[in-house]
Amino acid sequence: ESGKKNISLIVVGHVDAGKSTLMGRLLYDLGELSEREKTANERGSKKVGKGSFAFAWGLDALGDERDRGVTIDIATTHFNTPHRNVTLLDAPGHRDFIPAMISGAAQADVALMVVDGSPGEFEAGFERGGQTREHAWLVRSLGVREIVVGINKLDLVSWSQDRYDEIVDALRPFLVSAGFTASKTTFLPLGAMEGVNVLVNEEALLKEWYNGPTLIDTLDQVEVPERPFESPLRIPVSNVFKGQTAVASGVAVSGRLCSGVLQVGDRIRAVPGDEVAQVRTIEVDEDSAPYAVAGQNVTLYLSGIDPIHLAIGTVLCPTSLPVPLVTQFTAQILVFDLQCPIIAGTPVELFHHSMNLPATISKLLAISERGQVVKKNPRVLQKGATATVEISLRPTQGSTRTPSIPLETAAENKEMGRVLIRRGGETIAAGVVMEIIS
Ligand code: GDP
């Protein structure tokens, strides 16, 4: 063990803000991306028509467009800062970025939000319908407390401090309203393409007015949240594959420990199902480890289980304390910007970790303000409302069987108790599970 603390990072922001370029540049400057991969990326990106995509992040361009309907696999890349071991979460090749982001953000400790600082572009991303707002709301709703905002492409405005300040002044109050505290919100000027202020700041024009931390310094100081080591083990599986390494082979799964601890030799149960497997090998950051703890991303090699019983979205649990399978529950939700209001019976898609399932908002129980119920049994929910609702899963099209989902109340397990609700490709609410009905 290096003694470094683990953090998981998700990168968000409006399309074309420079997310891929920035992560590609960061990995390259850290020596995590080889010259060969860099050339391959350059070639690949020319093909897809992004000429200056030189540093575009390997994972972004790769990966076939898979659409498996209900599950999203999360790929991880690792890099190190002096005091942190950072897991970068990404969903390769997903055209619809939001479900992938939900799945990633549910596992993240910190979000890096990239905004395009060039003339007109920040405004386009920040106005209604732009992705900057939705992404900020989403990551906060999914439990991410810390946000680093990189104001990118400042080369296009000659490293203007006025432009930088203008963007910070617009974003700061918005991020506060989205629930990020000032001490957990950091702003940075960036030039991803040329690597300005990524590992070092050698840009004379920027140095004139900025001598704060670089991106890597900032990530190095991200506070590590308290991990629920004491709660029962929960590992929502984000990938299942046939593993083959020098030390192990067989059925392998990867995912993040939401809570608890795990040791080699432990017997674990895969929910849904009654199957029990034994943990043969644990890998943390590609190295085998005797144990893993809450907050770590792991790959596990399992024995005694047929991979048919494992899927993306399966939750690995202690045999004696499995996560409940739920078809109906109440949740306290925050309603986002909506086209049309929510009424009882509204069909939605329920997102939980890497799963999404058809559901119905079956009852509107109450609207609250500052923790007090102000209206019982409302007829509609408008944007901005905080409400308690009943959510019922419903059969997928062409099926008569109502699906169930492994889920807990937020009081029992914070990470297992968060849900997002979408309708027609739009995120309409985020919430926490209050009570399990059945
Ligand atoms: P993503 O959609 O957020 O991943 O954005 P990309 O990384 O694909 O970048 C979008 C475009 O912005 C590409 O053409 C990049 O070359 C360009 N770009 C990214 N960073 C910078 C920068 O710092 N300066 C300039 N001038 N262009 C940049």
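Here the chain is treated with +1 on each Lys and Arg Cβ and -1 on each Asp and Glu Cβ, and its dipole about the Cα centre works out to around 1420 debye.
Legend: distances between Cα atoms for Lys19/Lys242; Lys363/Lys383; Lys4/Lys207; pairs beyond 20 Å are Lys19/Lys242; Lys4/Lys207. Gyration tensor over the Cα atoms of segment 346-438: the corresponding equivalent ellipsoid has semi-axes (square roots of 5 times the eigenvalues, largest first) of 22, 16, 12 Å. Counting only aspartates and glutamates at least 8 places from Lys184 when in the same chain, those with an alpha carbon closer than 19 Å to its own are Asp109, Glu134, Glu146, Asp165, Asp169, Asp217, Asp220, Glu223, Glu226. Here segment 302-438 is assigned +1 on the Cβ of each Lys and Arg and -1 on the Cβ of each Asp and Glu. Its dipole about the Cα centre then comes out at about 480 debye. Computed extension gain for Lys207 through Ser399, at 0.36 nm per residue and net of the alpha carbon distance, reaches 62.9 nm. Ellipsoid semi-axes for the chain, based on the Cα gyration tensor and the rule √(5λ), read 34, 29, 19 Å when sorted largest first.
Residues of segment 1-27 with an amide N closer than 16 Å to a point placed 7 Å from the Cα of His83 along the Cα-to-Cβ direction: 2-8. Report summary: the helix-based calculation at 222 nm, which adds -39500 (n - 2.57) for every DSSP H run with n ≥ 4 and divides by the residues of the chain, gives -5000 deg cm²/dmol. With θ taken as phi - 60° and the Karplus curve 6.51 cos²θ - 1.76 cosθ + 1.60 applied, the whole-hertz 3J(HN,Hα) list for segment 224-234 is 8, x, 5, 9, x, 5, 7, 6, x, 4, 9 Hz, x standing for glycine and proline. Using the Cβ-Cβ distance between Leu325 and Gln278 with R0 set to 22 Å, the FRET efficiency from 1/(1 + (r/R0)^6) comes to roughly 0.45.
For Lys375, the aspartates and glutamates whose Cα comes closer than 19 Å to its Cα, not counting residues fewer than 8 places off in the same chain, are Glu390.
When both segment 316-369 and segment 106-170 are represented by their alpha-carbon centers, they are found 29 Å apart. Its Cα centre serving as origin, segment 241-390 has a Cβ charge dipole (Lys and Arg +1, Asp and Glu -1) of approximately 720 debye.
Computed on the Cα trace of segment 160-210, the radius of gyration divided by the Kirkwood hydrodynamic radius gives Rg/Rh = 1.03.
This ranking places His353, His135 by how few other beta-carbon atoms lie within 10 Å of each, fewest first, which gives His135, His353.
Ranking Pro341, Thr409, Ser392 by how far each Cα lies toward the positive end of the dipole of segment 305-438 (charges on Cβ) leaves Pro341 at the top.
Multiplying the residue separation of Glu223 and Glu286 by 0.36 nm and subtracting their alpha-carbon distance yields 20.3 nm. Think of segment 263-370 as a dipole: +1 on every Lys or Arg Cβ, -1 on every Asp or Glu Cβ, centred on the Cα centre; then among Pro290, Ser354, Val323, Val323 lies furthest on the positive end.
For segment 306-369, dividing the convex hull volume of the Cα atoms by the residue count gives 141 Å³ per residue.
We did not get these values from a lab; they are worked out from the coordinates using the rules stated. Bear in mind that the values here come from a model prediction, so they are computed numbers and not experimental data. So basically every Cβ, Gly included, is an ideal-geometry build from the backbone, and we count neighbours across all protein chains shown.
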